[in-house]
Amino acid sequence: MKVFRFLQNLRIGKIGFVVCFFLFFFVGIHFVFPNVISPNKLSGVEDPIREPELTISKWFNCEFQSSFTDWFNRMLPDRPNLIRLKNQFLFSVFNQSTTYVLVGKNNQLFAYNYFPSFRGFDCLGKEHWDEMAQKVGAIRDTLDTMGIPLLVVIAPNKVRFMPENLPDHLKRIPGKTTNESLMKESFSKLDIPILDLNSIFVSNKESFEYAPFPNTGAHWNIYGSLIGFDSIQSRIQDLLGEKLNRIRWKTGVVLDSVIETDTELSEGLNLFFPPATEKQFFPKTQDFDPSSFKPNVLIIGDSFYWIFNSTKVNYKIFSSKFSFWYYNSTCYDLNHGQIPVSTLDVWDEIRNRDAIILLATESNLSDFPFGFEEILGKIN
């Protein structure tokens, strides 16, 4: 029996040695001949790193050795493959991720940064939101004198929509006090118009015919975004007192996803074999009436807006003069192209609008409204 165990352990040891030998051999060969195989780049953003400069002082205080190790590891041609190998092992064996992606149940992935806001961990407190309500309310009042309505929109949070699919080690009960709850309380006291799509999606969860989120993405899919955009459109119509086109569909098709944001989380896992994206519902919208009023809208918001560009529904509903200010930092429109908002004449940009929308999701309400609260001093 002891002899059998010895031979068994010896066989395992030999197999492990051979695997490790060929792994290090392949990495070494690839380092000498980096163009033999070009591995796919990793998803995500990394800070650039420069080759360290060797000096006597840096050598003796060990600064060079530490910097060189970091640089050498980054420059390894097989670094992406080795990282994917590690990630694949943890994902396949332990259902874990080494990135910001949460591996949930029923083939659902979540972005971790949406979880703290769901629980209220990033809550800024009542005093902050009372002060913010005063600033936004002052802007609203100024815009009202120019006949320009202001609408605050809270996009849906996938974590809040389906907490039952969170991994077991995370609580699935929403926090009692969150930035969203305090924001709505403070803003409602000053009658600042808010469209809370987060709560609307949750309260109407059972009525959705299809999933409004892709299983491998954090943002809404086309189906969910069109439902959200229709609600935005309806509120803008009420605020303007003008009849706008409405998004309508009777039929649609269920297909493999063709939208980049539907796979943002599965790509963020950096695996060899990422989880498959479940088929998505693509509504076939009806023709729009070209004679309907198309408002010139300015949207200041986050990445939940981008899918409207993918579907081009914004061009069908809004005037071609509309602008999108991404986090109030970069302007995207047909007039300016892509330029920093800081280079624009804010007064000129605002006074010619029919409406202004502030769009945010629950995960970034701590940064809301992205510096737009200081706009009053620039337009007076």
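The values are calculated or read from the model by the stated rules, or taken from the named source; none is laboratory data. This one's a predicted model, so the numbers in the text were calculated from it and none came from an experiment. Here Cβ is always computed from backbone atoms with ideal geometry, including for glycine, and neighbour counts include all displayed protein chains. In case anyone asks, the SASA skips ligands and DNA or RNA and just uses the protein heavy atoms, side chains included. Shrake-Rupley method; radii C 1.70, N 1.55, O 1.52, S 1.80 Å.
Between Ser320 and Ile56, take the C-beta separation as r, use R0 = 51 Å, and let me know the FRET efficiency to the nearest 0.05. Each step should come with its number before you reach the end.
On the way: r = 63 Å, r/R0 = 1.24.
About 0.20, to the nearest 0.05.
Got a sec to turn the phi values of the range 306-317 into Karplus ³J(HN,Hα) couplings, 6.51 cos²θ - 1.76 cosθ + 1.60 with θ = phi - 60°, whole Hz, x for Gly and Pro?
Whole-Hz 3J(HN,Hα) from phi for the range 306-317: 4, 5, 5, 5, 5, 8, 6, 5, 5, 6, 7, 9.
Working with all protein chains in place, sort Trp220, Trp347 by solvent-accessible area computed with a 1.4 Å probe, largest first.
So the residues, ranked largest to smallest area, are Trp347, Trp220.
Can you give me the angle between helix 179-189 and the longest principal axis of the chain, using Cα atoms only, in degrees from 0 to 90, rounded to the nearest 10?
Once rounded, the angle reads 10 degrees.
Convert each backbone phi in the range 269-285 into a coupling constant with the Karplus relation 6.51 cos²θ - 1.76 cosθ + 1.60 (shift: θ = phi - 60°), then list the ³J(HN,Hα) values in order as whole Hz, x for Gly and Pro.
Once θ is set to phi - 60°, the couplings for the range 269-285 become 6, 6, 10, 6, 10, x, x, 6, 7, 5, 4, 10, 8, 10, x, 9, 6 Hz.
When the gyration tensor of the range 268-380 is built from Cα positions, what are the square roots of 5 times its three eigenvalues, in whole Å, from largest to smallest?
29, 22, 12
When the dipole is taken about the Cα centre of the chain, and only Lys, Arg (+1) and Asp, Glu (-1) are charged at their Cβ, what size is it in debye, to the nearest 20?
1600 debye
With every protein chain left in place and a probe of 1.4 Å, what is the accessible surface of Phe89, to the nearest 10 Å²?
110 Å²
Quick one: if you stick a label point 7 Å off each Cα along the C-beta vector at Lys41 and Thr251, how many nm between them?
Simple spin-label model gives 4.2 nm for this pair.
Would you tally the net charge around Asp302, using a Cβ to Cβ cut-off of less than 11 Å, leaving Asp302 out, and scoring K and R as +1, D and E as -1?
-2
Could you give me D for the chain, from Stokes-Einstein at 20 °C and 1.002 mPa s, where the hydrodynamic radius is the Kirkwood radius over C-alpha pairs? Units µm² s⁻¹, please.
My calculation gives 88 µm²/s for D.
Please label the shape of the range 114-224 as rounded, prolate or oblate, based on the square roots a ≥ b ≥ c of the eigenvalues of the alpha-carbon gyration tensor (a/c under 1.5 means rounded; beyond that, a/b larger than b/c means prolate, else oblate).
Cα axes put the range 114-224 in the oblate bin.
Can you give me the % of accessible surface on the chain that is carbon or sulfur? Probe 1.4 Å, all protein chains present, nothing else counted. Present the calculation step by step, with values, prior to reporting the outcome.
Values: 11660 of 20720 Å².
Here it works out to 56 percent.
Quick one: ranking Thr98, Thr330 by accessible area, 1.4 Å probe, largest first, what do you get?
If we order Thr98, Thr330 from most to least accessible, we get Thr98, Thr330.
Show that you can apply the helix-only estimate: for the chain, add -39,500 (n - 2.57) for every DSSP H stretch of four or more residues, divide by all residues, and state [θ] at 222 nm to the nearest 500.
So the helix-based figure for the chain works out to -12500 deg cm²/dmol.
Express the accessible area of the range 83-125 per residue in Å², computed with a 1.4 Å probe while the remaining protein chains stay in the model. Please report the intermediate quantities before stating the final value.
Values: 2200 Å² over 43 residues.
Using a 1.4 Å probe on heavy atoms only, each residue of the range 83-125 averages 51 Å².
Hey, what did the chain get for relative contact order, percent, Cα under 8 Å, at least 6 apart?
Dividing the mean separation by the residue count of the chain yields 18 percent.
Return the loop-located trypsin sites (Lys or Arg not before Pro) in the range 234-288 (DSSP other than H, G, I, E, B) with at most 16 other Cβ atoms within 10 Å of their own Cβ; answer none if there are none.
Details: sites: Arg235, Lys243, Arg246, Arg248, Lys250, Lys279, Lys284; in loops: Lys243, Arg246, Arg248, Lys279.
Sparse-neighbourhood loop trypsin sites (Lys or Arg not before Pro): Lys243, Arg246, Arg248, Lys279.
Within the range 265-286, which residues have the backbone N less than 18 Å from the label spot 7 Å out from Phe94 along Cα→beta-carbon, could you tell me?
In the range 265-286, the label zone of Phe94 (backbone N under 18 Å from the point 7 Å along Cα→Cβ) covers 269-272.
In degrees from 0 to 90, rounded to the nearest 10, what is the angle of the helix 63-75 Cα long axis to the longest principal axis of the chain?
80 degrees
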